[in-house]
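Below is one structure, written out as structure tokens, with a few remarks after it.
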Amino acid sequence: MRVAILSDIHSNLEALEAVLADARAHHCTHFVCLGDIVGYNANPSECVQLIQELECPVVKGNHDEQAAIDASTKGFNELAEEAIGWTRQHLSREEKRWLTELRLTRQVRDFTIVHATLDTPRQWGYVFNDLDAIASFTYQHTSLCFFGHTHWPTAFVCDESVRRIAPGHIVIIPDKKYFINAGSVGQPRDRDWRAAYCIFHCDRHTVEQRRVKYDLATTQRKIREAGLPERLASRLAQGR
Ligand code: ZN
């Protein structure tokens, strides 16, 4: 069985469609979503509906949380704040309710999913280095956990020590723990503009990190036509 792990879609419909097509072409029959379905780009409602149609396990991201409430955002920069204000106006009441009711962490089969960290999922901390990963590993009770939030495809292993391992093709050894970032479908920030996601090959115990080209020009045109900040369109091409 193959599971596609999708994170940080951020209302980028073209990237989501390209990733779903790639996942199906690679025989993925199951999907999970690590949150931040909305925010930044111009198709929040369409992305929520596509994820709902998958009927897959989903956890909540900080943008999902903020887009579903009316209160002003905390901890968001100006660009994110402006996009969240726009997103609130373009989601239905039912879509907001669905986003509100998402859980912060879930166990799916024999692995765990979370948007930010397992130690304090509600605080939306970022795991960039070994020290950040150590705190989360303390609360990880499965060998494998997938996370998102940083928009950087990366991976950490925990055995005698905790360290970063090369992403790409990761072999899961059962008595070790792995904390793997799937990267971002809709707004990669590792200087590679292509959509990022992972395939978990359950039978082979491997995780494959993939990159997929999508119709970037259409996504950028929609952002501009929606009146969202120009920077949100230009950053997509730069992968940052
Ligand atoms: Zn995000």
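At a glance:
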| item | result |
| --- | --- |
| ³J(HN,Hα) computed for each position of the stretch 195-212 - Karplus, 6.51 cos²θ - 1.76 cosθ + 1.60, integer Hz, glycine/proline x | 4, 10, 7, 10, 10, 9, 8, 4, 6, 8, 6, 10, 10, 10, 9, 10, 10, 9 |
| The chain - percent of accessible surface contributed by carbon and sulfur, probe 1.4 Å | 48 percent |
| Per residue accessible area of the stretch 2-238, 1.4 Å probe, in Å² | 43 Å² |
| Tail fraction, Cα-Cα pairs, the stretch 1-151, threshold 27 Å, whole percent | 21 percent |
| Neighbourhood charge, 13 Å Cβ-Cβ cut-off, centred on Trp193 and excluding it, Lys, Arg +1 and Asp, Glu -1 | +3 |
| Full-extension gain in nm, His205 to Asn77, via 0.36 nm per residue minus C-alpha separation | 42.2 nm |
| The stretch 2-238, relative contact order in percent, only Cα pairs under 8 angstrom and at least six apart counted | 23 percent |
| Distance between modelled label sites at Arg109 and Arg224, nm, 7 Å Cα→Cβ extension | 4.3 nm |
| Alpha-carbon centroids, the stretch 166-240 and the stretch 65-114: separation in whole Å | 19 Å |
| Inter-label distance, nm, simple model (7 Å from Cα along the C-beta direction), Asp192/Thr120 | 3.1 nm |
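The values are calculated or read from the model by the stated rules, or taken from the named source; none is laboratory data. The model shown is predicted, which means the values in this text are computed figures rather than measured ones. Counting neighbours? That spans all protein chains shown, and the Cβs are built from the backbone with ideal geometry, glycine included. Each accessible area value is taken on the protein alone, full model and side chains, heavy atoms only, with ligands, DNA and RNA left out. Shrake-Rupley method; radii C 1.70, N 1.55, O 1.52, S 1.80 Å.
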